[in-house]
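The values are calculated or read from the model by the stated rules, or taken from the named source; none is laboratory data. Since this is a predicted model, take the numbers as computed values, not measurements. Quick reminder, even Gly has a Cβ in these numbers, built from the backbone with ideal geometry, and neighbours come from all protein chains shown.
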Amino acid sequence: MVNLNETKIDNLKGFDWNKYFEYNSSHLIKLDYSNNKELTEKEKELITPSIRAFQIGEGSEGKHLKKVVEKFAKKTNDEEYIKAMDWFVLEENRHSMTLKKYMEVYGIKPIEKNWIDNVFRFLRKLMGLECEVVVLVTAEMIALSYYTALSNATNSKLLKDICSQMLHDELRHVVFQSYTLHKISIIRNKFINKIVREIRKFLMRITLNVVWIKYKDLFEKGNYSKEIFKKDSLEYLKQSIDIEKTGELILK
Ligand SMILES: [Fe+2]
Ligand SMILES: [Fe+2]
């Protein structure tokens, strides 16, 4: 598994996310879409259902998110956070576009709707910022395993490059969002924080089971067993909860 430690962010409190996102946007892995012979028909069939699902999952206008972010930024007097979240939405949309372009190379048509995605979008909008972030970060931790499996599943150099970029970005997103949860929980009742952590564990367990059932073939080809997928997902969650609790990324 990849590890949140790889981001080497040792001072979360003073970390300048806007500077990071800006730097990242101009230091992306170069992607060469000219070769359309890297995937066999069988591999194309294997990746199609999940890549379609992640392609729509990654893209979002983030209207509701923006609204709750502005409210939170006002409350905490943190204008920079609004900009950082704008960058974040921009990166997610880049991810969606990147997958779409890759799919185009192999004539994989995007889908308009996916029920898991619909459930996630519904859940995100149920309540305020915390609800949005809890659901988002769950999906991102699942994505860490997914892009690792996707990278392993075929010999496509382009797809491996895309997955490397995704993993690089998503690792930092998980840290970013976990730190947001820290800013929320630090000023709140400890008992409620405990309940939220239990909800996060519950949500992660349901999500990983649904994702496994739907995309088992891809994960297995990408060197995952159900046990490894479960173990890794729960480990990411543990690291995320550690950040939420302490406001720090413990570098081992
Ligand atoms: Fe993403
Ligand atoms: Fe992300």
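Before moving on, here are some points about what is shown:
- Test: residue in segment 213-230 that is loosely packed, with under 14 Cβ neighbours inside 10 Å and among the acidic types (Asp, Glu): yes
- Odd one out for VAL174, checked against (1) loosely packed, with under 14 Cβ neighbours inside 10 Å; (2) among the hydrophobic types (A, V, I, L, M, F, W, C); (3) assigned to a helix (DSSP H, G or I): (1)
- Flag if ILE108 is touching a helix residue (DSSP H, G or I) at 6+ places or on another chain (Cβ under 9 Å) and free of Cβ contacts under 8 Å to residues at least 40 places away in the same chain: no
- Selection count, segment 73-105, where residues are β-branched (Val, Ile, Thr), over 20 Å from LEU167 (Cα atoms) and touching a residue at least 24 places away in the same chain (Cβ under 8 Å): 2
- Residues in segment 4-51 that are assigned to a helix (DSSP H, G or I), surrounded by 15 or more Cβ atoms within 10 Å (Cβ to Cβ) and either in contact with a strand residue (DSSP E or B) (Cβ under 7 Å, 6 or more places away or on another chain) or at pLDDT below 95 (or both): LEU4, ASN5, THR7.
- If you check THR154, THR148 for being away from ligand 1 (no atom under 16 Å from the Cβ), of a type outside the set (Gly, Ala, Ser) and in contact (Cβ under 8 Å) with a residue 24 or more places away in the chain, only one passes: THR154.
- Subset of segment 130-150 that is away from ligand 2 (no atom under 16 Å from the Cβ) and of a type outside the set (Asp, Glu) - its residue that is surrounded by the most Cβ atoms within 10 Å (Cβ to Cβ): ALA149
- Yes/no for MET85 being away from ligand 2 (no atom under 11 Å from the Cβ), over 12 Å from the mean Cα position of the chain (by Cα) and buried (at least 21 other Cβ atoms within 10 Å of the Cβ): yes
- When residues of segment 53-66 are limited to those that are surrounded by fewer than 19 Cβ atoms within 10 Å (Cβ to Cβ) and touching a helix residue (DSSP H, G or I) at 6+ places or on another chain (Cβ under 9 Å), the one modelled with the lowest pLDDT: GLU61
- Residues in segment 78-115 that are closer than 17 Å to PHE54 by Cβ and either assigned to a loop (DSSP other than H, G, I, E, B) or in contact with a Cys (Cβ under 7 Å, 6 or more places away or on another chain) (or both): TYR106, ILE108, LYS109, PRO110, ILE111, GLU112, LYS113, ASN114.
- For segment 84-132, a tally of residues being under 25 Å from ILE184 (Cβ atoms) and of a type in the set (S, T, N, Q) returns 1.
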